[in-house]
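Read through the structure below, which is laid out as structure tokens, and then see the notes.
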Amino acid sequence: MAAKFGGAPKCVVCDKSCYVNEQIVVDGQIYHNKGCFKCEKCKKNLSPSNYAGVAGKVYCKPHFKELFKLKGNYSEAFGELKPADAFAAARGGGGAAAAAGGDDAPA
């Protein structure tokens, strides 16, 4: 997002001005190329060739693979709703437990 009077766009991490010679644009987001473009998990500096991004967060490739392997899908691994719960919420239901009859209401 550019400032009102022709100023530089802001870094998404530190919210400071980010001039062309010090910025990196990844997935439409602007970062300072030194210090702000880091892995969410290990804080290692990243480059366009060694990162993986999902849901607005960036990870080094080893941690991206690790998080994906732990849960087996993008949603659970990166803190989003499980696909079944997201589907149920979109339809107005109460999630996978309610769909399976696992609610706590007395019969």
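The table for this structure:
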| item | result |
| --- | --- |
| Number of positions in the stretch 34-65 that are part of a loop (DSSP other than H, G, I, E, B), of a type outside the set (Lys, Arg), open to solvent by 30 Å² or more (accessible area, probe 1.4 Å) and touching a Lys or Arg at 6+ places or on another chain (Cβ under 9 Å) | 2 |
| Filtered residue count, the stretch 29-43, keeping only those that are more than 13 Å from PHE64 (Cα to Cα), out of contact with any Pro (no Cβ under 6 Å at 6 or more places or on another chain) and not basic (Lys, Arg) | 7 |
| Matching residues, the stretch 12-29, being open to solvent by less than 30 Å² (accessible area, probe 1.4 Å) and within 16 Å of the chain's Cα centre (by Cα) | VAL26 |
| Qualifying positions in the stretch 8-33 - among the β-branched types (Val, Ile, Thr) and part of a strand (DSSP E or B) | ILE24, VAL25, VAL26, ILE30 |
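The values are calculated or read from the model by the stated rules, or taken from the named source; none is laboratory data. Predicted, not measured: the structure shown is a model, and the values here were computed from it. Neighbour counts are summed over all protein chains in view; Cβ atoms, including those assigned to glycine, are modelled from backbone coordinates with ideal geometry. The protein model used for the area step is the full one, side chains on, heavy atoms only, and it has no ligands, DNA or RNA in it. Shrake-Rupley method; radii C 1.70, N 1.55, O 1.52, S 1.80 Å.
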